[in-house]
Amino acid sequence: MSEMKAIRFMRPEEMEYSEIPRPVPKDDEILAEISYAGFCATDIELLTGEMVHIKNGNTKYPIIPGHEWSGTVVEVGRNVRGFQVGDRVTSDVSLGCGECDECRKGHYNLCPNREVIGSYRNRQGVFAQYVAVPQRHTYKIPEGLSLEEAALAEPAATAMYAVTKARIPAGAEVLVIGDGPIGQLAAQLANIAGASKVIVAGSWDEKLAIAKECGIAETINYHKEDVAQRAKELTDGGPEIIIETSGSNSALNSAVQALKPTGRIVAVSWYNGAMVDVPMNALIVKDAELIGSLASPNSFGPVLRYMAEGKLKVKPLITHCRPLEELPQVVDMVRAKKEMRIKILLKP
């Protein structure tokens, strides 16, 4: 049995970098060697034990975390068609069974039997040298797109799904709250979707400068300005569409205040605690919609094409690239909150 190096979270706050058996692909799976793996805030929740899946017992230690990746096929199961050794690939994170009603409708993010790479039901994550994934959840990386950029396909697809659910009217004014990877990508995708003006609200001037570099019209630093008030000043009576990516209760409240009547708010993040205060009467008075968005079904194909065509710029968002074994230092850096970062890539 061949081995591979991987990082495992053994129990809360304890990680181990060691040799473990390499996965063996099933008949309908491809085995890929991982080139780059993206680090996400969810990985820290897994490490602390705060993540909802750990609390409700659907994920147990030890776990190999990590769910954003790009790599190269090294082996294919005997029933795999359309993929061969050497293909550059990435994959969905929510893996549906392919058989149930939700999967058949394309809602595989809601499959009752689903597994999630790097978390739910302990599906092996990508902080490792290899990963096995079902063919139906695997995507080829288009020519001309680097493996480094393609490692951002998952956050881009999550942003894409939220933008799709927002149903942005042609020429709409859009506010995106949050200057992390999802917020940055959602803002660019709102531009691509036909918004006339996109505004990003965030907390770091350096990150907001990167958003402008990527074609975003206006930015608001919420440490210095009131988001709702400034968003109204920058638009005709408030944004018609708001995409909330920060997971902060106060940001959701600002979104309701800023929203133009009959507008839509799409919430993409997890919020702390099951109960979140939303000014419902204000939403009702505005005849508005509040929409939840989970994961990234049916969104990898479009974002990979946008990235390959240069419409969706992800290179400026990659602020760090570190060897996989330096994950403990990466976690320390993220927790210190002193260094500007958007997307950190790990290299197995």
Q. With every protein chain present, what accessible area does T164 have (1.4 Å probe, heavy atoms only), rounded to the nearest 10 Å²?
A. 80
Q) Looking at L31, T262, N249, which one has the Cα that reaches farthest to the positive end of the dipole of the chain (charges on Cβ: Lys, Arg +1; Asp, Glu -1)? A) T262
Q: Mind running the shape call on the chain? Use the C-alpha gyration tensor, a ≥ b ≥ c as the square roots of the eigenvalues: rounded below 1.5 for a/c, prolate if a/b tops b/c, oblate otherwise.
A: prolate
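If the only charges are +1 at each Lys and Arg Cβ and -1 at each Asp and Glu Cβ, what is the size of the charge dipole of the chain around the Cα centre, to the nearest 20 debye?
Approximately 380 debye in magnitude.
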Q: Sticking with the crude label model, points 7 Å out along Cα→Cβ, report the distance from N113 to V24 in nm, one decimal please.
A: 2.2
Q) Suppose every K and R has +1 on its Cβ and every D and E has -1 on its Cβ; what is the size of the dipole of region 1-145 about the Cα centre, in Debye to the nearest 20? A) 320
Q | Cβ-derived FRET efficiency at R0 25 Å, K105 paired with N56, nearest 0.05 | A | 0.50
Q) What fraction of the DSSP beta bridges in the chain is antiparallel, stated in percent and rounded to the nearest 5? A) 55
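As a check on your grasp of the helix formula, calculate [θ] at 222 nm for the chain: sum -39500 (n - 2.57) over DSSP H runs of n ≥ 4, divide by the residue count, round to the nearest 500. If you can, show how the numbers build up before the last one.
Values: 12 runs with 98 residues, N = 348.
Estimated from H runs of four or more residues: -7500 deg cm²/dmol.
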**Q.** Potential lengthening between E339 and A282 on full extension [0.36 nm per residue; Cα-Cα distance subtracted]
**A.** 16.8 nm
Q: Could you size up the charge dipole of region 230-275 around its Cα centre, putting +1 on the beta carbon of Lys and Arg and -1 on that of Asp and Glu, and report it in debye to the nearest 20?
A: 40
Q) Which far-off residues, 5 or more places away or on another chain, put their amide H under 5 Å from the one on R322, with H placed in the peptide plane? A) L345, L346, K347
Q. In bins 5 Å wide, starting from 0, what share of all Cα pairs of region 1-67 does each bin hold, as a percent?
A. 3, 15, 22, 23, 18, 14, 4, 0
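Relative to the present Cα-Cα distance, how much length would full extension add between E233 and R136 at 0.36 nm per residue of separation?
Details: separation 97, 0.36 × 97 = 34.92 nm, distance 4.63 nm.
So the chain would gain 30.3 nm between E233 and R136.
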Q.
Relative contact order of region 76-172, please, whole-number percent, based on alpha carbon pairs below 8 angstrom and at least 6 residues apart.
A. 26
Q. If the viscosity is 1.567 mPa s and the temperature 4 °C, what translational diffusion coefficient in µm²/s does Stokes-Einstein give for region 130-215 when Rh comes from Kirkwood over Cα pairs?
A. 91
**Q.** Neighbour net charge for S119 - beta-carbon separation under 10 angstrom, K R +1, D E -1
**A.** -1
Q: Output ³J(HN,Hα) for region 288-304: one whole-Hz value per residue in order, computed from phi by the Karplus curve 6.51 cos²θ - 1.76 cosθ + 1.60 with θ = phi - 60°, and x for Gly and Pro.
A: 10, 10, 10, 10, x, 9, 10, 6, 8, x, 6, 10, 5, x, x, 5, 4
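Is the shape of region 31-101 best called rounded, prolate or oblate, per the rule: a/c under 1.5 gives rounded, else a/b larger than b/c gives prolate, else oblate, with a ≥ b ≥ c the square roots of the Cα gyration tensor eigenvalues? Present the calculation step by step, with values, prior to reporting the outcome.
Working: a/c = 2.82, a/b = 1.62, b/c = 1.74.
Because a/c hits 1.5 or more and a/b fails to exceed b/c, region 31-101 counts as oblate.
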Q) Between V85 and D205, 0.36 nm times their residue separation minus their Cα-Cα distance comes to what? A) 38.8 nm
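The values are calculated or read from the model by the stated rules, or taken from the named source; none is laboratory data. All values derive from a computational prediction rather than experimental measurement. Here the Cβ is made from the backbone with ideal geometry for all residues, glycine too, and neighbour counts use every protein chain on show. Protein only, heavy atoms only, side chains kept; ligands, DNA and RNA dropped before computing areas. Shrake-Rupley method; radii C 1.70, N 1.55, O 1.52, S 1.80 Å.
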